[in-house]
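The values are calculated or read from the model by the stated rules, or taken from the named source; none is laboratory data. Given the structure is predicted, the values throughout are model-derived calculations rather than measurements. Here the Cβ positions follow ideal geometry from the backbone for every residue, glycine too, while neighbour counts run over all protein chains shown.
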Amino acid sequence: MFVRVASTVVFLLGFSSSSYCYLTVSNAHCCYRHHPSIVYENNPTNTNLAASRKTRPHLVPCSSLKVGDKNVVTHDTSRTRRDIFATAVTATIPLLATYLLPNGALAFDNRISTAYDDRPKRKGPQPQDLGVKKRKGMGGEEYLGLKPCDAAPHCFCSSTTSEDAENDPMHTISPWVWPISLQGGKQEAFQQLLATIKSYPPGQNNIDGGGFRIVKVDDGYLYVQFESLKNGYIDDFEVAAVGDTTNDDRTVQIRSSSRIGYLDFGVNAKRINWIAQELRKKGWDAPGVDLQGQHRDYSSLNGLL
């Protein structure tokens, strides 16, 4: 493991060094004159390159060189060895984190147990297109909303077109609506949402034992990552106020999805239903996942029936 990281550092150092040592640049601060029999031009396929590297050059004043002198390789000294080393170290930071740090160091602090910290985790890559963006439905209709679900039964999303919702009931859930009694509007509604998320008990209903982390809290947007205990699977959970709240649109869109695997064995449904239940206690209109009705196919595929 350490050898793999170390070899990567050496490779990057060697690559950076050879790149700037042998590239011909116009703003060189010093020049190397090679043996007259060796011709080195701006051609990386030059057959004399290997020979030129074997020839020991000597430094000459750039002012003494003549235009068109092909026996000269210019050398850019604007980058020091310290610059190259810093670049290589920066590039290997993700590798160091992945291969040298224990899994426990990357786990969420509110996990219910540390017994599985040494077990390899399968977090999966974070999707690049999360958040509120312009989307396009299956029929080509554009809308502003959260990332749509893929075909796998491990995702729910309320942000979609009416046509997609009708054609894909397994992944579609109803949005949540905060009570009209909230005088603070969207700001107060998301304060309640944030407080509800913070009170979420990892391990409830035997899910999310690895804890959770609130990644982003923005104006009308909340992004949270939940983790399974043993394998470290990460699920992405988002809520967003997409509509025009100035026109009394009190709707909140929801999305909860697994990153890897085909099935989720009910994890996303259990998470949504717990949060929805807590919001209903506060007066929200917050329907959850209907495991016996609309989302029966999801239940059947995930072995919940």
Looking only at residues in the stretch 135-149 that are in a loop (DSSP other than H, G, I, E, B) and without any contact (Cβ under 8 Å) to a residue 40 or more places away in the chain, which one is surrounded by the fewest Cβ atoms within 10 Å (Cβ to Cβ)? GLY140
Against the definition (under 23 Å from LEU144 (Cβ atoms) and either in contact with a Lys or Arg (Cβ under 9 Å, 6 or more places away or on another chain) or not assigned by TED's automatic domain parsing to the domain that holds ILE275 (or both)), how does LYS230 come out, yes or no? no
Quick check, is ASP297 over 20 Å from SER159 (Cβ atoms), among the acidic types (Asp, Glu) and either part of a loop (DSSP other than H, G, I, E, B) or in the same structural domain as THR196 (by TED's automatic domain parsing) (or both)? yes
May I ask you to say which residue of SER257, SER300 is in contact with a strand residue (DSSP E or B) (Cβ under 6 Å, 6 or more places away or on another chain) and under 27 Å from GLU166 (Cα atoms)? SER257
Pairs needed: first member in the stretch 274-285, touching a residue at least 40 places away in the same chain (Cβ under 8 Å) and under 14 Å from SER199 (Cβ atoms); second member anywhere, among the acidic types (Asp, Glu) and surrounded by fewer than 20 Cβ atoms within 10 Å (Cβ to Cβ); C-beta distance under 9 Å; at least 6 residues apart or different chains. LEU279/ASP285
